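The values are calculated or read from the model by the stated rules, or taken from the named source; none is laboratory data. Since the structure is predicted, the reported quantities are computational estimates derived from the model, not experimental observations. Here Cβ is always computed from backbone atoms with ideal geometry, including for glycine, and neighbour counts include all displayed protein chains. Heavy atoms of the whole protein, side chains included, go into the accessibility calculation; ligands, DNA and RNA do not. Shrake-Rupley method; radii C 1.70, N 1.55, O 1.52, S 1.80 Å.
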Amino acid sequence: MELVTDILAGKTRAVARAVSIVENNSHDKEALIDALHDYTGHAAVWGITGPPGAGKSTLADCLIQKERDAGKKVAVIAVDPSSPFTGGALLGDRLRMQTHAVDPGVFIRSMASRGHLGGISAGTLDAVKIFDAAGFDTIIVETIGVGQTEIEIIELSDIVMLVLVPGMGDEIQAMKAGIMEIGDVYVVNKSDKDGAQRLKAEIEYVLMLKEQTNGDPSPGILMTSSRDNTGIDELHIHLTQLYHERTRNGMLSVRRKKRIKKEMDDIFNRKVQDLIEKELSLSANSSTWIEKVYRKEIKLYSFINNTLAEFERSNKK
Amino acid sequence: MSEKIRIEIAKPGLDGHDRGAKYIARALKDAGYEVIYTGIRQTPESIVATAIQEDVDFVGLSLLSGAHNELFPRVVELLKEQDAGDIIVFGGGVIPEEDLDFLKTHGIQAIFRPGTPISDVIAFIESTRKGHAA
């Protein structure tokens, strides 16, 4: 594929087109991703997540600068929500990073969630692979503004930053399951605001409880203010060191294998689902079946088990 | 999953009057398009770099300072230079009638002046989008 050669050469238009291919789930997608497979695994993938308005894009902007100063090529994938009603989206994250628009060492791509839950879009993971193969050293993935359970970012990043801001609730909020458990690095942003120290203390408390229960070492908590440009150096150094440490102690490969497992499960599931849909003509038959279940002519579990058993038998012949 | 039309809305030049640009960005989102909004004070270079990275189908430019005759054609020119001449450029803002022909001949495919209903913009997008039977 000519496209693959151009991606590997880092040509902007080819990379942009390729991201559209995975985003649109076009039929060239599978061949493209397989062709790039051998060239992936070199980039460091940093995830940034947190509630809407926490300052994720502005923080990403600051980190782009730090990575550029260190001579790295940086790609950013910024995900924003699609409207569940119209399918449209207003992608405004790159507005905060627009100073880097003409830097050839920076590639910013906005993606709409397109109905995918979990804080990223269905094409995000494949987009990461494209940037990786195209020679970007660092890939920053910014999720949509998340609530409490959109945690898919953990599956595609080497390091997850959870960005929080003061004034979003008491420590019970922080103790709840889900989002608060996924940070490898906790960032208290807008630290110039009232309540920042208290928020830090609350996070420390929650993480201390966690450490006492399962013995995991506590992640770092860093205070930043993008407005005053404070704490950014420290955050950047922390991220760089953490990445090196994880490369050295094997954590990085453990994590990446987990990612492959999740991805493999997902692809298998999707393909099996497609197969069942095709073989059993699911959508064509379902209204008849629904009617039968409703009239109590058949029972859900026995009907489905019988149907699948029959499908299995006919395939063995 | 199907192909989505992606549109960049940008304000080149130095005026900060972004009400129109924001209005159109929101209206196009509500019409079901994916809109990339880049904000005020963009250079033709940053607008074009964004259009290519974001793989957009359209670039919509909004300008109220009077510099449209310089900046709009410059965007078209840069797109062509970077082998992205297939991206369709349209514009809006306070643009005098006598400039319309000049802009058209310089590759701006449509100009929407104050008072244009949003349905006109959508009709333009739908009739010029890729894959549309010409």
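Under 1.5 on a/c is rounded, so check that first for the protein assembly as shown, then, if it is not, pick prolate when a/b is larger than b/c and oblate when it is not; a ≥ b ≥ c are the square roots of the alpha carbon gyration tensor eigenvalues.
It is oblate, given that a/c is not under 1.5 and a/b is not larger than b/c.
In degrees from 0 to 90, rounded to the nearest 10, what is the angle of the helix A:251-279 Cα long axis to the longest principal axis of chain A?
The angle comes out at about 30 degrees.
Once amide H atoms are placed 1.01 Å from N in the peptide plane, what residues at a sequence separation of 5 or more from B:GLY39, or on another chain, have their amide H within under 5 Å of its amide H?
Under 5 Å from the amide H of B:GLY39: B:LYS11.
Please work out how many pairs of lysine residues in region A:1-115 are eight or more positions apart (or on different chains) and have Cα atoms closer than 21 angstrom. Walk me through the intermediate numbers first.
Values: A:LYS11/A:LYS29; A:LYS11/A:LYS72; A:LYS11/A:LYS73; A:LYS56/A:LYS66; A:LYS56/A:LYS72; A:LYS56/A:LYS73.
Eligible lysine pairs with Cα atoms under 21 Å apart amount to 6.
About the Cα centre of the protein assembly as shown, what is the dipole size in debye to 20, counting +1 per Lys and Arg Cβ and -1 per Asp and Glu Cβ, all else neutral? Intermediate values should be presented prior to the final figure.
Working: 54 positive and 66 negative charges, 221 e Å.
Around 1060 debye, computed over the protein assembly as shown.
Ignoring ligands, DNA and RNA, what accessible area per residue does region A:210-317 give at 1.4 Å, in Å²?
Values: 8470 Å² over 108 residues.
Accessible area per residue: 78 Å².
So with the 1.4 Å probe, I'd like the accessible area per residue for region B:6-133, rounded to whole Å².
44
Taking only Cα atoms and a 10 Å spring cutoff, compute GNM fluctuations for chain A and point out the largest among A:PHE85, A:PHE268, A:PHE131.
A:PHE85
For B:LYS22, which aspartates and glutamates qualify as cross-link partners when the Cα separation must be under 20 Å and same-chain residues fewer than eight apart are set aside?
List returned: A:ASP80, A:ASP93, B:GLU8, B:ASP30, B:GLU34, B:GLU54, B:ASP57, B:ASP120.
Pick out, from B:VAL94, B:GLY66, B:SER127, the residue whose Cα sits farthest towards the positive end of the charge dipole of region B:66-134, with +1 on the Cβ of Lys and Arg and -1 on the Cβ of Asp and Glu.
B:SER127
Give the interface area between chains B and A as buried accessible surface, both sides summed, probe 1.4 Å, in Å² to the nearest 100.
2500
Give the distance, in whole Å, between the Cα centre of region A:1-65 and the Cα centre of region A:245-317.
Between the Cα centres of region A:1-65 and region A:245-317 lies a distance of 29 Å.
Which of A:ALA127, A:LEU300, A:TYR39 sits farthest toward the positive end of the charge dipole of the protein assembly as shown, with +1 on the Cβ of Lys and Arg and -1 on the Cβ of Asp and Glu?
A:LEU300
Which of the lysines could a cross-linker bridge to B:LYS104, judged by Cα under 21 Å and excluding same-chain residues fewer than eight apart?
Reachable lysines: B:LYS11, B:LYS80, B:LYS130.
On a straight-distance basis, which lysines could pair with A:LYS210 in a cross-link, Cα separation under 17 angstrom, same-chain partners fewer than 8 positions away excluded?
A:LYS176, A:LYS200
Farthest toward the dipole's positive end in the protein assembly as shown, which of B:ALA84, A:PHE311, B:THR43, given Cβ charges of +1 (Lys, Arg) and -1 (Asp, Glu) about the Cα centre?
A:PHE311
What whole-number distance in Å separates the alpha-carbon centres of region B:1-68 and region B:79-101?
Between the Cα centres of region B:1-68 and region B:79-101 lies a distance of 12 Å.
Quick check on region B:62-133: take the gyration tensor over C-alpha atoms, sort the square-rooted eigenvalues as a ≥ b ≥ c, and tell me if it's rounded (a/c under 1.5), prolate or oblate.
In terms of gyration-tensor shape, oblate.
Quick check: the angle from helix A:124-133's long axis to the longest principal axis of chain A, C-alpha only, nearest 10 degrees?
That helix lies at roughly 60 degrees to the long axis.
With a 1.4 Å probe and all protein chains kept in place, how much accessible area does A:HIS42 have, in Å² rounded to the nearest 10?
Ignoring ligands and nucleic acids, A:HIS42 comes out at about 140 Å².
Quick one: check the C-alpha center-to-center distance for region A:219-243 versus region A:147-168, whole angstrom.
What the calculation gives is 16 Å, centre to centre.
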